[in-house]
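First up is the structure itself, then whatever we jot down about it.
The values are calculated or read from the model by the stated rules, or taken from the named source; none is laboratory data. These figures come from a predicted structure and were not determined experimentally. Neighbour counts run over all protein chains shown; Cβ positions are idealised from the backbone, glycine included. Only protein heavy atoms, including side chains, enter the accessible area calculation; ligands, DNA and RNA are left aside. Shrake-Rupley method; radii C 1.70, N 1.55, O 1.52, S 1.80 Å.
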Amino acid sequence: MHGSRSLFYSPVAVGTARLDSSVSVLGIPGRLKALPPGCVESDDGIPDIVVLTETNAAALVASRLRPALAAVLPIVDVSGRIGPPSRFRRADIVLGGSGCNSLADATEMLHSVVQRVHGLPPPIFATADPRIMLLARLHVRERAMQPRRDPSTKETVSYDDEIAVPGARMLAEQLVGLGLMERRFFDMRSVCPYCDSARLSVRERCISCGSADVADHAVLHHMRCGYQGPEEDFFDPSKEDVLRCPKCTRRLEEFSIDYDRPGTVCVCRACGRVSGDTTVEFGCLDCDADIASANIDSRSVYAYSLTEAGHACVTSGSPAILAALEPQERTAGTSIRNFLERQADLGQHRSCILCVRLHEAEGGPSHGRSWQQIRRFFAAILRECFTAEAEIVATLSTYFVLISRDSKHDVEAALPEIRSRLERHFAVKPMMEFAIFAPDEVLALVSSRDIHH
Ligand SMILES: [Zn+2]
Ligand SMILES: [Zn+2]
Ligand SMILES: [Zn+2]
């Protein structure tokens, strides 16, 4: 797979390629009819630029290139600007857009990306780890993974990079946990508590009968008699340009002298109630639930970018770094199974496992590095809460405390104290979820999540 590639990456070969500065181009689905000066058709090696020549060619990229190349190589769409904008999200450059009208322009614009692709160490192109692909993709483009508003998804935001690297958002969250990416607040979404959809409609409802058939009306105030009411009630049916007080029947003379407009009220067309207040209610467009505003959940949306460590992970050419950062998942599964077997062998029935899942506090510091520090500090405090006998194993954000002499019931009773001991050292309280499992429950959990492999 890498035979011709190793030549490509030797300094001599790169130097030669740069001397004539030709850019190799791979057309998908087929050859390009005309190539601009300085471009050559790609041989069977790694092309510099992928060019989509037909309207549905983006769907073919995954079958024509191995995953790492499909994720990393820059793509130009020359098929013509026909179709919805979403059709072009796979490409870095679309001809006809943003002042780029020819393949020659596009090649020029992609010069530094191509240079950085050349600088990638060969193991990157062989990786099967989508997290490495995502890191390398953003590294060569020197940009963050930006969300965009997208009503076609339940989240109402999407990342174009998810098309090139499926699951990119989830992968980015993992990479934040590993300190290789950091996230920056982009926007907040209100979401349905039942189905997590952010596609919500908002409406006001009458506080008396609940109808949504309400409308705001201006209020007029007649100073001579003190009456206040909706503006329509002051319209004189016989004379269009006259306002008449419905209470004292006098004609209103001059604005701000004998009458004024103190504000608006809400009038319900269903029950006729006139009120200063309405309740706001959300309707979920996906599951059809009606949700009071107090029950609405919220989700933060982030942009993700590489940290120094993230760039280093790519340029070092050792995707193994990533594996070294997270053997915890596997070790945790093994430790839990060993613990359970040991307990069974001893005939020890008073044992349980406490799971503590740590969430990053909303509104707290959201950089990868400080999150790492919080996790480390949290792990130390958790350690202090238990005797030395209790084993604690950790995955990215979950801690498993293996407790050998207390039952699930005992630990449940002690939970409030454990929680307060964990919380009192933090200025911003970390968000924690607790779950306690008896041995047989854990066995089911471990095998269902397959973490023992
Ligand atoms: Zn009403
Ligand atoms: Zn009046
Ligand atoms: Zn819903």
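Just so you know, in the stretch 218-230 the residues that are open to solvent by 40 Å² or more (accessible area, probe 1.4 Å) and under 19 Å from G272 (Cβ atoms) include one that is modelled with the highest pLDDT, and it is Y227. Only a single item in (1) open to solvent by 90 Å² or more (accessible area, probe 1.4 Å); (2) under 30 Å from E204 (Cα atoms) is not met by D260, and it is number (1). Given the condition among the hydrophobic types (A, V, I, L, M, F, W, C), part of a strand (DSSP E or B), over 28 Å from P147 (Cβ atoms) and touching a Lys or Arg at 6+ places or on another chain (Cβ under 9 Å), answer yes or no: does some residue in the stretch 224-231 qualify? No, the stretch 224-231 has no match at all. Within the stretch 243-253, does at least one residue satisfy the condition of being out of contact with any strand residue (DSSP E or B) (no Cβ under 6 Å at 6 or more places or on another chain), hydroxyl-bearing (S, T, Y) and within 16 Å of ligand 2 (Cβ to nearest atom)? Yes, some residue in the stretch 243-253 is out of contact with any strand residue (DSSP E or B) (no Cβ under 6 Å at 6 or more places or on another chain), hydroxyl-bearing (S, T, Y) and within 16 Å of ligand 2 (Cβ to nearest atom). Restricting R137, R141 to those that are closer than 14 Å to V72 by Cβ and either within 16 Å of ligand 3 (Cβ to nearest atom) or surrounded by fewer than 22 Cβ atoms within 10 Å (Cβ to Cβ) (or both) reduces the list to R141.
Taking first residues from the stretch 107-120 that are free of Cβ contacts under 8 Å to residues at least 60 places away in the same chain and of a type outside the set (A, V, I, L, M, F, W, C) and partners that are in a helix (DSSP H, G or I) and surrounded by fewer than 16 Cβ atoms within 10 Å (Cβ to Cβ), the Cβ contacts under 9 Å between residues at least 6 apart in sequence or on separate chains come to Q115/R18. Take V274 and decide whether it is modelled with pLDDT under 90 and within 14 Å of ligand 1 (Cβ to nearest atom). Taking the combined requirement at face value, the residue satisfies it. Considering the conditions (1) at pLDDT below 90; (2) within 16 Å of ligand 1 (Cβ to nearest atom); (3) in a strand (DSSP E or B), R205 is excluded by exactly one of them, (1). Can you report the number of residues in the stretch 235-271 which are within 16 Å of ligand 1 (Cβ to nearest atom) and among the basic types (K, R)? Here the count works out to 1. For the stretch 272-279, the count of residues that are away from ligand 2 (no atom under 16 Å from the Cβ) and within 30 Å of K154 (Cα to Cα) is nonzero. All conditions in (1) in contact with a Phe, Trp or Tyr (Cβ under 8 Å, 6 or more places away or on another chain); (2) farther than 15 Å from S300 by Cα hold for A172, with the sole exception of (2).
When only residues in the stretch 151-164 that are open to solvent by 10 Å² or more (accessible area, probe 1.4 Å) and in contact (Cβ under 8 Å) with a residue 24 or more places away in the chain count, which is farthest from S190 (Cα to Cα)?
A164
Of the residues that make up the stretch 197-217, is at least one exposed (fewer than 13 other Cβ atoms within 10 Å of the Cβ) and closer than 30 Å to V301 by Cα? Yes; the residues of the stretch 197-217 include at least one that is exposed (fewer than 13 other Cβ atoms within 10 Å of the Cβ) and closer than 30 Å to V301 by Cα. The one condition from (1) assigned to a loop (DSSP other than H, G, I, E, B); (2) touching a residue at least 60 places away in the same chain (Cβ under 8 Å) that M188 does not meet is (1). Whenever a residue of the stretch 377-402 is more than 27 Å from A427 (Cβ to Cβ), its partners that are open to solvent by 50 Å² or more (accessible area, probe 1.4 Å), lying with C-beta atoms within less than 6 angstrom and at least six residues away or across chains, give the pairs L402/E391.
Based on what the data block shows, is F186 under 18 Å from the mean Cα position of the chain (by Cα), at pLDDT below 95 and among the hydrophobic types (A, V, I, L, M, F, W, C)? Yes: the conditions hold for F186.
Restricting attention to the stretch 245-285, the residues that are within 16 Å of ligand 3 (Cβ to nearest atom) and either over 40 Å from the mean Cα position of the chain (by Cα) or not acidic (D, E) (or both) total 4. When we screen S197, S211 for residues that are out of contact with any helix residue (DSSP H, G or I) (no Cβ under 8 Å at 6 or more places or on another chain), away from ligand 2 (no atom under 16 Å from the Cβ) and either more than 30 Å from L134 (Cβ to Cβ) or part of a strand (DSSP E or B) (or both), the only hit is S211.
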